[in-house]
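First comes the structure, then the notes that go with it.
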Amino acid sequence: MSNSLLDIWKLFSRKHFSPYKVYVRRDVKLVVCLNPKVGSTSFRSILVEGLKRHQMQPMRGRWWPMNETRRYMTAPLRDYIHAFRYPEQYEFHCFVRNPFSRAISAWNDKLVKGHHEGWPRSMVKLMPVIRRFAADHGLQGSDPEEVVSFDTFLHFVESLPEGKRNQHWDTQASVLHADVIDYDHIHQMETGFAQGVCQILAALGIDENWVEGVVGKPRNSSGKKDTSVLNDEIAERMIKLYKQDFVNFGYDEQSWRDL
């Protein structure tokens, strides 16, 4: 069933929708919705490397004011409209991650690492907001010299409505618009990332043996996740917070015990 232009406009107007996070190939009827903190940087890197290796041209020419990766990844507007108006004609893919691991990774990468190594651009304006929240609620982390604890981070995330949080720690269901996109293939990061990348790139005509050789090589890492922040109380709050992800993507609510 096709979607109306109004439906498409509503989707495109959402906080978490961005053409830079949706790879559309109208010629092979394929759509990949990328999910921050779930291998999106690695996927982009492998995809662009494969396209260049096979001498496939970017979808956007050099005159577009964007970097090379975005020129390869960004389709014309009419292709996005076509894909979401006639989704039954396309194969929709996404990658997901254990909700516990993803939230811890976001905290570690953006707040802990950022404190020690310099704030990433996405956090420059947000850190004063988080510190002010900590001060207002008597939580650890209000002092600029302190690393914001995971507990404070979690309180801050809990204070915001789903769909309005930072994309790195909002629910994956919200980031991936799972309420309106019926995915044909949901690849779990822990067990299906390599297979998913191979499947997608094979559909583009990229040599499968080459993909298999590069997909296992680490390309972007947030470092070892600190699972010591988890306990029964924290886990219960996270289960409530990320309920939609456990329901939609098949993760065990008690999986935190084995991380």
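Any read-out appearing in this document is the output of simple, stated calculations on the displayed coordinates, not a laboratory observation. These numbers come from a predicted model, not from an experiment. Cβ atoms come from the backbone with ideal geometry, glycine included; neighbour counts cover every protein chain shown.
The spacing between the stretch 84-105 and the stretch 118-152, judged by their C-alpha centroids, is 29 Å.
Site pair residue 6 and residue 182 shows an inter-label distance of 2.1 nm when each label is modelled 7 Å from Cα along Cα→Cβ. The slack between residue 81 and residue 239, meaning 0.36 nm per residue of separation minus the straight C-alpha distance, is 53.4 nm. Rounded to 0.05, the FRET efficiency of the residue 27 and residue 151 pair, given R0 = 35 Å and the Cβ-Cβ distance, is 0.10. Taking other residues whose beta carbon is less than 15 angstrom from the beta carbon of residue 16, and scoring Lys, Arg as +1 and Asp, Glu as -1, yields +4. Under a Cβ-Cβ cut-off of 11 Å, what is the net charge of the residues other than residue 122 that fall near it, where Lys and Arg count +1 and Asp and Glu count -1? With Lys, Arg at +1 and Asp, Glu at -1, the neighbours total +2. The antiparallel fraction among DSSP beta bridges confined to the chain stands at about 35%.
Using only the alpha-carbon atoms of the stretch 1-41 as identical scatterers, what base-10 log of I(q)/I(0) does the Debye formula give at q = 0.16 Å⁻¹? Here the Debye-derived log intensity ratios amount to -0.52.
Across the stretch 62-136, the convex hull enclosing all Cα atoms gives 190 Å³ per residue. One quarter of the convex hull surface built on the alpha carbon atoms of the stretch 106-246 amounts to 10.5 nm², the projected area averaged over directions.
By the compact-protein rule of thumb, 2.2 N^0.38 Å, the alpha-carbon radius of gyration of the stretch 1-135 corresponds to a ratio of 1.24. Extents of the stretch 171-259, taken as max minus min of Cα coordinates on every principal axis and listed largest first, are 48, 33, 17 Å. Each residue of the stretch 71-78 is assigned a 3J(HN,Hα), and the resulting list reads 5, 6, 8, 9, 8, x, 4, 4 Hz, derived from the Karplus form 6.51 cos²θ - 1.76 cosθ + 1.60 (θ = phi - 60°), x at Gly and Pro. When the P(r) is computed for the chain, the part past 35 Å accounts for 19% of the Cα-Cα pairs. For the residue pairs 21/164; 217/240; 52/113; 217/243; 52/164, the alpha carbons lie more than 27 Å apart in 217/240; 52/113; 217/243; 52/164. Looking at the stretch 61-105, the chymotrypsin sites (Phe, Trp or Tyr not before Pro) that sit in a DSSP loop and have at most 10 other Cβ atoms within 10 Å of their own Cβ are 63. With kT/(6 pi eta Rh) evaluated at 25 °C and eta = 0.890 mPa s, and Rh the Kirkwood radius from Cα pairs, the stretch 1-78 diffuses with a coefficient of 177 µm²/s according to Stokes-Einstein.
Compared with the dominant principal axis of the Cα atoms in the chain, helix 232-241 is inclined by about 40°. Helix 40-53 and the longest principal axis of the C-alpha atoms of the chain enclose an angle of approximately 20°. When you restrict to C-alpha pairs under 8 Å that are six or more residues apart and normalise by the size of the chain, the relative contact order lands at 24 percent.
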